[in-house]
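> Sharing a structure here in structure tokens format.
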Number of protein chains: 2
Amino acid sequence: MRRLESHACFGGTQEVWAHDATSTACEMRFGVYLPPQVQAGPCPVLYFLSGLTCTEQNFIQKSGVQRYAAEHGLVIVSPDTSPRGDGVPDAEGDDIGLSASFYVDATQAPWSAQYRMHAYVVQELPALVEQHFPVTDARSIAGHSMGGHGALICALRHPGRYRSVSALAPICSASRGWGRKAFPAYLGDDPDAWREWDACDLLRGSHDRLSLLVDQGDADPFLAERLQPDLLQKACTAGGHTLDLHLRPGYDHGFYFVASFIGDHVAYHASALKA
Amino acid sequence: MRRLESHACFGGTQEVWAHDATSTACEMRFGVYLPPQVQAGPCPVLYFLSGLTCTEQNFIQKSGVQRYAAEHGLVIVSPDTSPRGDGVPDAEGDDIGLSASFYVDATQAPWSAQYRMHAYVVQELPALVEQHFPVTDARSIAGHSMGGHGALICALRHPGRYRSVSALAPICSASRGWGRKAFPAYLGDDPDAWREWDACDLLRGSHDRLSLLVDQGDADPFLAERLQPDLLQKACTAGGHTLDLHLRPGYDHGFYFVASFIGDHVAYHASALKA
């Protein structure tokens, strides 16, 4: 494991690390923010999954999350969005291939060898983080856009593993929305396979009752066709889940939106992680 | 004047505008954050000057300034760092030419035709802003690195024009530090000409007593050779100015440092602008 960056930030440290990952068979990078409270003892962790076209850098540079993490004493771990490097398969367009893993474990060639971001995010990365950093095993998860979808499916597929889950402008039903191209490529043509990785389908089938915090800008150009929060509302009603959905007037899909509301999400997770 | 971007952010709007500037004889871009308070009436303006290699984007994307501007009701105007476009002179290296105006009015060819960022920042841009946006004529100025130098010389050369001035990791004496290459190119070989644009020389010669707020990371790799806050301290003592210099343990030169302390600077300026 190699530390690539270390910057003092809001009394703590924003670091970037690289390591050879087994799940994705390549070097992976992730950001980790260590709040000042780690000086006094281990802190709980909020995992944050980013969206299409992002690396581990966008969220740590543009969201301002560190201020809130320092206020609440949370470690923030923000992985890259796909495998990277020579030989990693890619495709034309922004919504499949590099930076577009959709946080699934692909079953179809050529993706299946390395596009195993779900295993990476849920198992390998937390094991690494919990071994090397001053953290407890209390975990929560959040994400933006494709990463909001990622956070939802991580929580839904692994009941009890996360204390809380939230999303900013999530792709609510990837198989019906922004993942319509990626899902058949990664998972094959059988819609039954897609349902295991679609947040709305998982919500309808879940035995656990989940509480979700979601923020969504109402001026987001991707809202109706690609994000589909209406489907999330219906699935939560059908599955008996509690959805706290805030439709934010005038906000779009970018980091000015994320920065405006990430503080609410950190506070929400802090409350669950310290309960 | 053309609006290139508009994003809801912390209850206000982060915009980016382009216009044909007279001072620099090219199209110039600037960011303007309008806090929610402009709905109720005009707000005072904090000008923020960025450092080497930056455009108008870095500060508005990475500093998190909008949260504090929304809290205090300040408009934030953040210009680009040099003239841009076809035919604008440039040179090898990061510390002269594009993104490296040093906020002077160049007197030497080929720079003198367009590298007139001082006139742009002090006169042309405020006139434009005060004509087109809901602002008062109360102005303060701040900056980072080369922009910290810029803020200091703007305030020192135009007594009474700004209510307050502050800097994050400023180039304190450009002619002796990070401007040693740019100053002779822009201003010629006569050191007397440099003194009119060097913050420390201006502080020593100023009849007004200035109050300065400065933050500086003590792990900044440019501190001793290029930033030289020791020279600023001596010049303030010699000129009878009040310097509130915070040396921040462990902080480097980048935006994680800026983000950590910009809130203090916005609060400082808000207090002067609303007095």
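Where a number appears in this text, it was derived from the coordinates with a stated rule and is not lab data. Computed from a predicted model, the values in this text were never measured in an experiment. Cβ: placed from backbone, ideal geometry, glycine included. Neighbour counts: every protein chain shown.
> Zone of A:A113 (label point 7 Å along Cα→Cβ, backbone N under 19 Å): which residues in segment A:15-46?
A:20-28
> Now for a different question. Please order A:R3, B:R163 by the number of other Cβ within 10 Å, starting at the fewest.
Working: A:R3 10, B:R163 19.
Ranking A:R3, B:R163 by Cβ neighbours within 10 Å, fewest first, gives A:R3, B:R163.
> What are the distances, in nm and sorted shortest first, from the label point of B:A109 to the label points of the same position in each other copy, with each label point placed 7 Å from Cα along the Cα-to-Cβ direction?
In nanometres, ordered from closest: 6.8.
> Could you grab the relative contact order for chain B? Cα pairs under 8 Å, six or more apart, rounded to a whole percent.
Once normalised by length, the contact order is 17 percent.
> Which distance in nm do the two modelled labels at A:K181 and B:A25 give, with both placed 7 Å along the Cα-to-Cβ direction?
So the label points at A:K181 and B:A25 sit 4.5 nm apart.
> In addition: Between chain B and chain A, with a rotation axis joining them, whose C-beta in B is nearest that axis, and what is the whole-Å distance?
Per the B/A rotation axis, the closest residue of B reads B:G64, 2.
> Roughly how many whole Å is it from the C-alpha centroid of segment B:38-79 to that of segment A:1-54?
28 Å
> Hey, another quick one. Compute the label-point distances linking A:P221 to its equivalents in the other copies; points lie 7 Å from Cα along Cα→Cβ; give nm, one decimal, shortest first.
3.7
> Provide the gained length on full extension for the span B:A238 to B:M1, in nm with one decimal, where the gain is 0.36 nm per separating residue minus the Cα-Cα distance.
Length gained between B:A238 and B:M1: 80.9 nm.
> When a/c reaches 1.5 or more, the comparison of a/b and b/c decides; with that in mind, is segment A:105-231 rounded, prolate or oblate per its Cα gyration tensor?
Oblate, since a/c reaches 1.5 and b/c is not below a/b.
> Would you kindly work out, in nm and rounded to one decimal, the distances from the label point of B:L247 to those of the same position in each other copy, ordered shortest first, with label points 7 Å along Cα-to-Cβ?
5.6
> Right, next: Got a sec? How would A:L4, A:L168 order by Cβ neighbour count within 10 Å, fewest to most?
A:L4, A:L168
> Could I ask something else about it? Under 8 Å for C-alpha pairs, at least 6 residues apart: give me the relative contact order for segment B:165-219, rounded to a whole percent.
Values: 46 pairs, mean separation 28.4, N = 55.
Computed over segment B:165-219, the figure is 52 percent.
> Apply the a/c threshold of 1.5 to the C-alpha gyration tensor of segment B:171-275 and tell me whether it is rounded, prolate or oblate.
Oblate, since a/c reaches 1.5 and b/c is not below a/b.
> At a Förster distance of 35 Å, what's the computed FRET efficiency of A:A127 paired with A:D192, Cβ-Cβ distance as r, to 0.05?
Numbers: r = 30 Å, r/R0 = 0.86.
About 0.70, to the nearest 0.05.
> Which of the aspartates and glutamates could a cross-linker span from B:K181 if the Cα-Cα distance has to be under 18 Å and same-chain partners fewer than 8 positions apart are dropped?
B:D90, B:E92, B:D94, B:D95, B:D105, B:D189, B:D190, B:D192, B:E196, B:D198, B:D201, B:E225
> Can you figure out the FRET efficiency of A:D90 with B:T136, using R₀ = 56 Å and their beta-carbon distance, to the nearest 0.05?
Using R0 = 56 Å, I get an efficiency of 0.60.
> Relative contact order of segment A:63-103: what whole-number percent is it, with Cα pairs under 8 angstrom and at least 6 residues apart?
33 percent
> Moving to a separate point now. Which semi-axes, in whole Å and largest first, does the equivalent ellipsoid of the protein assembly as shown have when worked out from the alpha carbon gyration tensor as the square roots of 5 times its eigenvalues?
46, 23, 22
> So what is the calculated 222 nm ellipticity per residue for the protein assembly as shown, using -39500 (n - 2.57) for each DSSP H run with n of 4 or more, over all residues, to the nearest 500 deg cm²/dmol?
After summing the helix terms and dividing by residue count, I get -8500 deg cm²/dmol.
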